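Data block below; observations after.
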Number of protein chains: 2
Amino acid sequence: MTGDDATPGRGVSRRGLLGLVSAGAAGLAAGAAGGVGFATGMGSTGEGTAGSTATYPFYGDHQAGITTPAQDRLHFAAFTVSSTLDREGLIGLLSDWSAAAARLTQGLDVSETGALGGSDVAPPDDTGEAIDLPASGLTITFGFGPTLFEDADGVDRFGIAARRPPGLARLPRFAGDALRPEWSDGDLCIQACSDDPQVAVHAIRNLSRIAFGRASIAWSQLGFGRTSSTSTAQTTPRNLFGFKDGTANLKLEDRSGVDDHVWAGADDIAWMRGGTYLVARKIRMVIEVWDRQQRQEQERVIGRSKGEGAPLSGGTEFTEPDFAATGAAGEPLIDTAAHVRLAHPENLGGVRLLRRGYNYVDGNDALGSLDAGLFFISFQRSIDQFTAVQTALAGDAMAEYVKHVGSAVFAVPPGARDDGYVGASLFA
Amino acid sequence: MTGDDATPGRGVSRRGLLGLVSAGAAGLAAGAAGGVGFATGMGSTGEGTAGSTATYPFYGDHQAGITTPAQDRLHFAAFTVSSTLDREGLIGLLSDWSAAAARLTQGLDVSETGALGGSDVAPPDDTGEAIDLPASGLTITFGFGPTLFEDADGVDRFGIAARRPPGLARLPRFAGDALRPEWSDGDLCIQACSDDPQVAVHAIRNLSRIAFGRASIAWSQLGFGRTSSTSTAQTTPRNLFGFKDGTANLKLEDRSGVDDHVWAGADDIAWMRGGTYLVARKIRMVIEVWDRQQRQEQERVIGRSKGEGAPLSGGTEFTEPDFAATGAAGEPLIDTAAHVRLAHPENLGGVRLLRRGYNYVDGNDALGSLDAGLFFISFQRSIDQFTAVQTALAGDAMAEYVKHVGSAVFAVPPGARDDGYVGASLFA
């Protein structure tokens with residue numbers, strides 16, 4: 001059993017466990033139905049709703065939330081550890097977080113005392129807004145930022161500087177970067193994905209609460225629509241440019257592709273084997289300008305048709321692009337600056353990423369434009385893979401319509417053993 | 001046929017209309033399945049997903065999105081009209097918005113030329129991110145703010161000052177108000193509710209785009225979990241205090257209650273008959289402090305049990321609270337400052353509201369606290385009803401844990417006729 005197992009287990013309703021039976025048959029039925037079949041997500045994919053009661057194990061060889069079929073909703077949080085936290089304190093936090101995540105992902109309250117508390121006169125352990133809700137495909141994925149290993153002053157707070165993965169470092173500056181510190185970096189991160197936003201928010205809120213005095217949220221991001229499929233059973237969703245996104249993404253069914261491109265292996269530092277690296281980029285889309293472009297221009301920028309998502313070299317969505325194909329006048333059918341060309345593994349020496357990003361809308365800016373875009377997340381066995389892709393995108397025709405405003409990298413340790421905690425191999 | 005009809009029609013997939021058949025059988029099946037039964041919403045209610053393909057008519061006696069069974073997701077936007085807009089321009093905008101809303105709510109693109117455009121060299125009319133998605137229970141509700149009738153300088157820009165509803169005015173200042181102008185007021189508003197956030201965002205984005213040069217977004221709010229039921233077929237959801245919210249809400253099945261408390265009648269200005277008034281309040285919850293209270297204190301503040309949602313005077317969730325009931329020591333079982341007591345119609349001379357709010361999380365503040373709370377929306381035949389409730393809540397025990405940071409009121413005209421536009425009676 002691994003944390004990224006594609007087959008969800010039986011759904012467990014928090015309500016069922018609390019024995020609160022009067023709140024309506026509909027909720028009970030949902031709890032009792034269990035997660036049958038595939039967790040395909042709900043909502044933006046229009047794919048039905050088996051995902052609602054899907055549950056994924058927290059413990060396993062790999063952390064869940066990476067190759068797990070991408071759920072529809074995200075709450076991502078980066079944390080700053082307290083300056084008074086020491087090695088034992090950090091281990092304690094990771095242990096507490098692991099125990100809580102193991103329960104939350106099974107649709108349970110954060111602890112046994114739950115939202116009703118062990119006593120009338122104690123604050124409840126669980127904040128309660130998910131009492132009636134099933135696991136909803138929740139996965140919780142933890143990561144360690146570069147500054148956890150050595151802080152800005154070069155201090156090795158936790159005695160782990162020597163075990164820092166060689167490739168774990170802030171990204172270089174890329175063309176078009178307009179990074180804001182308030183959406184960048186972090187000592188720790190938690191990615192909570194679920195088919196129900198209330199379940200994802202509940203997870204981040206309760207894990208943040210557990211961290212009180214030890215770590216606090218530096219920045220966080222809600223995402224409402226997944227922009228990639230990570231399973232061949234999922235349809236390809238659309239990003240806020242209105243195009244299908246992530247057609248050529250790595251899929252969990254491609255086991256050798258995932259092994260080759262996602263999981264850290266024998267060439268990495270020992271404690272990271274079975275782990276991976278997470279890159280997060282907050283990419284603001286200048287959607288009003290984009291919306292004013294003719295469709296032909298939009299398609300030229302992407303390199304695919306807007307409706308079908310087929311490469312402009314012909315075929316259907318899953319036809320491989322033919323970058324050599326030319327039109328009547330000898331012009332390349334897929335523009336030399338098209339996003340699909342520059343980002344394609346064929347033009348990157350085979351480099352691939354597992355993308356797992358989300359659409360976001362953070363209200364609007366002072367000019368009345370929607371503050372919207374893509375919260376890009378990718379997983380890869382080496383951050384160099386992302387750097388190669390982003391470097392190749394320097395001449396991307398899409399660059400005119402996007403602005404990278406946040407950036408962070410994290411080492412994602414292997415999955416926790418059920419008698420251990422996430423990241424235990426780092427401290428072993 | 002009325003716009004608030006509780007029975008959804010057959011779902012229509014945008015993809016089906018575009019004839020894009022290769023994008024996966026799952027999506028097509030969802031499109032073809034249609035909205036059977038009741039639109040109970042998805043996700044946070046754990047109630048299954050018939051809502052995914054539910055459709056509600058835009059045209060009708062009343063606007064949809066008021067007594068429509070509350071969908072799970074919200075995108076609300078307040079607009080400022082351009083200083084150059086005149087009466088004909090405003091009518092033109094409302095006409096364009098109505099035509100677009102009639103299509104969007106049926107799961108269609110915003111216009112016939114859609115996301116692929118009428119021509120290769122024209123910008124597409126539709127932004128495209130909902131191409132593959134069904135109607136998802138989308139409703140679009142329009143409102144007119146006090147400043148539409150007379151601007152801050154007292155100018156009657158649109159020749160409608162004399163037709164301003166007598167009760168349409170900014171709310172008085174209440175105890176605990178900490179209102180911020182960037183989340184308050186507006187000349188116009190649009191409430192888009194759907195079971196899929198991407199569909200709600202798509203609606204606001206495209207309606208905002210249609211308004212270009214005529215009106216622009218002043219502020220906007222996403223909500224991820226409904227906090228009220230508006231139908232007896234829905235289970236009661238939980239707010240971010242972890243409590244069931246809106247148990248005693250007006251429900252669409254209570255036709256006489258809705259008629260008495262929601263729809264503007266013969267006592268109002270003629271053009272508003274069949275309309276209603278919308279009050280929006282952005283209520284930040286101080287959730288970290290709340291979470292540190294013992295359950296007994298939380299329950300005292302609310303006046304209900306946390307698990308079941310039963311009044312502290314006894315019974316189950318839907319038992320009427322007994323405010324006279326006392327304990328062994330003669331103390332009232334429901335505290336004199338409990339929220340449920342102060343807000344109850346029994347203590348307000350029978351005043352009731354139809355509540356239709358949403359939980360929100362807007363990231364976090366600089367201290368690492370979640371910037372979270374309730375985006376309260378209520379509908380009532382007179383704004384005085386809200387004022388009475390909020391005035392009574394001055395001594396609310398909950399006041400310690402909430403801060404009202406945004407406020408707006410809008411006249412919501414009756415539904416549009418299918419040969420007219422929303423608000424036509426105002427200009428007739």
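Between amide H atoms placed 1.01 Å from N, distances below 5 Å from B:GLY363 occur with A:LEU222, B:ASP371, all of them 5 or more places distant or on a separate chain. Considering only GluC sites (Glu not before Pro) in DSSP loops that have at most 13 other Cβ atoms within 10 Å, the longest stretch of chain A without any of them is A:254-428.
Close lysine pairs were tallied over the protein assembly as shown: pairs 8 or more places apart or on different chains with Cα atoms under 16 Å apart number 4. This model, with +1 at the C-beta of Lys and Arg and -1 at the C-beta of Asp and Glu, gives the stretch A:352-408 a dipole about its Cα centre of some 380 debye.
Evaluate the charge dipole of the protein assembly as shown about its Cα centre and quote only its size in Debye, nearest 20, assuming +1 on the Cβ of each Lys and Arg and -1 on the Cβ of each Asp and Glu. Working shown, then result.
Values: 72 positive and 102 negative charges, 5 e Å.
The calculation lands at about 20 debye.
Placing a pseudo-label 7 Å from each Cα along the Cα-to-Cβ vector at B:ASP120 and B:ALA325 gives an inter-label distance of 7.4 nm. Amide H contacts for B:GLY275 (H built 1.01 Å from N in the peptide plane; partners 5 or more residues away or on another chain; cut-off under 5 Å): B:ALA264.
Label-to-label distance for B:THR232 and A:ASP86 is 6.3 nm, based on points extended 7 Å past Cα in the beta-carbon direction. Separation of the stretch A:207-285 and the stretch B:125-161 by C-alpha centroid, Å? If we compute the Cα centre of each part, the gap is 37 Å.
Scaled against the 2.2 N^0.38 Å expected of a compact globular protein of N residues, the Cα radius of gyration of the protein assembly as shown reads 0.92. The label-point distance for B:ASP61 and A:PHE174, in a model that sets each label 7 Å from Cα toward Cβ, rounds to 5.7 nm. For A:GLY114, the amide hydrogen comes within under 5 Å of the amide hydrogens of A:ASP125, A:ASP126, counting only partners 5 or more places away or on other chains and with H modelled in the peptide plane. When the stretch B:73-426 is described by a simple charge dipole with +1 on each Lys and Arg Cβ and -1 on each Asp and Glu Cβ, the residue from B:VAL81, B:PRO413, B:SER378 located farthest towards its positive end is B:SER378.
What separates the A:GLY395 label point from its copies, with the point 7 Å along Cα to Cβ, is 7.5 nm, written shortest first. Each Lys and Arg Cβ is given +1 and each Asp and Glu Cβ -1; about its Cα centre, chain B then shows a dipole of about 160 debye. In order along the stretch B:401-411, the Karplus-derived 3J(HN,Hα) couplings, from 6.51 cos²θ - 1.76 cosθ + 1.60 at θ = phi - 60°, round to 10, 9, 9, 7, 10, x, 7, 7, 10, 9, 7 Hz, and Gly and Pro are given as x.
Simple rule: put +1 on each Lys or Arg Cβ and -1 on each Asp or Glu Cβ in the stretch B:73-426, find the dipole, and look at B:PHE158, B:THR326, B:TYR401; the Cα lying farthest toward the positive end is B:THR326. Remark: label point of A:ALA329 defined 7 Å out from Cα along the Cα-Cβ vector; separations to the same position in other copies 8.8 nm, ascending.
Placing unit charges on the Cβ atoms of the charged side chains and taking the dipole of chain B about its Cα centre, the candidate lying farthest along the positive direction among B:ILE302, B:ALA70, B:VAL121 is B:ILE302. Peptide A:201-214 is shielded by partner chain Cβ atoms: per residue, an average of 3 of them sit within 10 Å of its Cβ.
Take B:PRO172, move 7 Å from Cα toward the beta carbon, and the resulting point lies 6.6 nm from the same point in each other copy, nearest first. Legend: mean number of C-beta atoms from other chains within 10 angstrom of residue C-beta atoms, peptide A:127-138, equals 6.
Laboratory data are not the source of any read-out in this text; all were calculated from the coordinates shown. Quick caveat: nothing in here was measured; it's all calculated off a predicted structure. Neighbour counts run over all protein chains shown; Cβ positions are idealised from the backbone, glycine included.
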